[in-house]
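For reference, the structure discussed in these notes is given below.
The values are calculated or read from the model by the stated rules, or taken from the named source; none is laboratory data. The structure displayed is predicted, hence computed values, not measured ones. No Cβ is skipped: glycine too gets one built from the backbone with ideal geometry, and neighbour counts run over all protein chains shown. Side chains are part of the model used for accessible areas, which takes the heavy atoms of the whole protein and leaves out ligands, DNA and RNA. Shrake-Rupley method; radii C 1.70, N 1.55, O 1.52, S 1.80 Å.
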Amino acid sequence: QVQLVESGGGLVQAGGSLRLSCAASGNIFSINTMGWYRQAPGKQRELVAAITTGGSTNYADSVKGRFTMSRNNAKNAVYLQMNSLKPEDTAVYYCNAESGLIENWGQGTLVTVSS
């Protein structure tokens, strides 16, 4: 089993930046792709960014050029650098780790972008 703990959320003005962190523990050697998802009020959870064990990344079109996901395998952590934030980025952001057929989720961290 994998445990994920997110941190770094908060309130920021439009145009500002935040950096989210996700620390993994437990059966970390089983982890393959890790991702950041978000869920805004009244909306479905959506993929924001993902990174493979080899470091390949993909992003939702809505965040390309503004968000950067990175991975530190030595620290068992992933990060999401969010720049040029917009009010529509407001959501609870969740860290996800795929280990085999199992999807592991963190508890989420709230990001609020004020206009």
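Aspartates and glutamates within cross-link reach of residue 86: Cα-Cα under 18 Å, excluding same-chain residues under 8 positions apart?
Straight-line reach from residue 86, under 18 Å: 46, 61.
Which net charge results when you count Lys and Arg as +1 and Asp and Glu as -1 among the other residues whose beta-carbon is under 13 Å from that of residue 79?
+2
With no solvent and one point on each alpha carbon, what is the Debye value of log10 I(q)/I(0) for the range 69-115 at q = 0.21 Å⁻¹?
-0.87
Provide the per-residue ³J(HN,Hα) series for the range 60-66, in order, calculated from phi with Karplus coefficients 6.51, -1.76, 1.60 and θ = phi - 60°, each as a whole number of Hz, with x at glycine and proline positions.
5, 4, 5, 10, 4, x, 10
What residue among 3, 68, 15 has its Cα farthest toward the positive end of the dipole of the chain, where the charges are +1 on Lys, Arg and -1 on Asp, Glu, each on the Cβ?
Projecting each Cα onto the dipole axis, the largest value belongs to 15.
Less than 14 Å Cβ to Cβ from residue 18, Lys/Arg counted +1 and Asp/Glu -1: what total charge do the surrounding residues give?
Details: positive: 19, 38, 66, 86; negative: 6, 89.
Taking every other residue near residue 18 into account, the sum is +2.
What does the convex hull of the Cα atoms of the chain come to per residue, in Å³, rounded to a whole number? If you can, show how the numbers build up before the last one.
Numbers: hull volume 10.7 nm³, N = 115.
Each residue corresponds to 93 Å³ of Cα convex hull volume.
If ligands, DNA and RNA are left out, what is the accessible area of residue 71 with a 1.4 Å probe, given in Å² to the nearest 10?
Accessible area of residue 71: about 60 Å².
How much area per residue is accessible in the range 5-67 when the probe is 1.4 Å and only protein heavy atoms are counted (Å²)? Display every interim value, and only then the final one.
Values: 3440 Å² over 63 residues.
I get 55 Å² per residue for this part.
How big is the accessible area of residue 102 in square angstrom, nearest 10, if you roll a 1.4 angstrom probe over the protein chains?
100
Per-residue HN-Hα couplings for the range 24-38, Karplus 6.51 cos²θ - 1.76 cosθ + 1.60 at θ = phi - 60°, whole Hz, x for Gly and Pro?
Computed from phi, the couplings for the range 24-38 are 9, 9, x, 7, 5, 6, 8, 6, 10, 6, 10, x, 10, 10, 9 Hz.
Ordering 43, 64 by how much accessible area each has at a 1.4 Å probe, largest first, what is the list? Walk me through the numbers before you get to the answer.
On the way: 43 140, 64 115 Å².
These residues rank, largest area first, as 43, 64.
What does the charge count near residue 2 come to, summing +1 for each Lys or Arg and -1 for each Asp or Glu among other residues with Cβ under 14 Å from its Cβ?
Details: positive: none; negative: 6, 98, 103.
It works out to a net charge of -3.
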